[in-house]
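The values are calculated or read from the model by the stated rules, or taken from the named source; none is laboratory data. As the structure is a computational prediction, the values presented were derived from the model and not from experiment. Note that each Cβ is placed from the backbone with ideal geometry, even for glycine, and that neighbours are counted across all protein chains shown. To get the accessible areas, we keep the full protein, side chains included, count just its heavy atoms, and leave off ligands, DNA and RNA. Shrake-Rupley method; radii C 1.70, N 1.55, O 1.52, S 1.80 Å.
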Amino acid sequence: MLVAYALAHADPDGVALVEASLGDPDLDEEAVQSLREVLVRSTALQRTEELISDGADRALQALDQTPGLTDEGTQALRDLVGVCTDRAV
């Protein structure tokens, strides 16, 4: 989704950079930094973070409505949602 959002919302130069860089094993620090800037400017990073956060919220709400789970089981699944979605940006 991150790349799809970037391609859909970046300016033409940003789109060209993303397309040229995908799969390139020889990217240098400058190119990686330029790609990061495209991801931020295009709102791709923000949109992807929101998508992940919304999905995590829905998962936690579903857990609250799931009958038959033990407290320990519910907590383990809540912890798993956190492990899968909490990260430094």
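Here the accessible area of the chain is 55 percent carbon and sulfur, with a 1.4 angstrom probe and all protein chains present.
GNM on the chain, alpha-carbon springs under 10 angstrom: the most fluctuating residue among Gly14, Gly73, Gly55 is Gly73. In order along segment 57-70, the Karplus-derived 3J(HN,Hα) couplings, from 6.51 cos²θ - 1.76 cosθ + 1.60 at θ = phi - 60°, round to 4, 5, 5, 5, 5, 5, 4, 5, 9, 8, x, x, 8, 6 Hz, and Gly and Pro are given as x. Around Glu30, under 14 Å between beta carbons, what's the net of Lys plus Arg minus Asp minus Glu among the other residues? Spelling it out: positives minus negatives among the neighbours equals -4. Computed from the Cβ-Cβ distance with R0 of 35 Å, the FRET efficiency linking Glu30 to Leu77 stands at 0.25. Label positions at Asp86 and Leu60, each projected 7 Å from the Cα along the C-beta direction, are separated by 1.0 nm. Probing with 1.4 Å while keeping every protein chain in the model, the per residue accessible area of the chain equals 72 Å². Residue-wise HN-Hα couplings along segment 14-30, as the Karplus relation 6.51 cos²θ - 1.76 cosθ + 1.60 with θ = phi - 60° gives them from phi, are x, 4, 4, 5, 4, 4, 6, 8, 4, x, 7, x, 9, 4, 9, 4, 5 Hz; Gly and Pro carry x.
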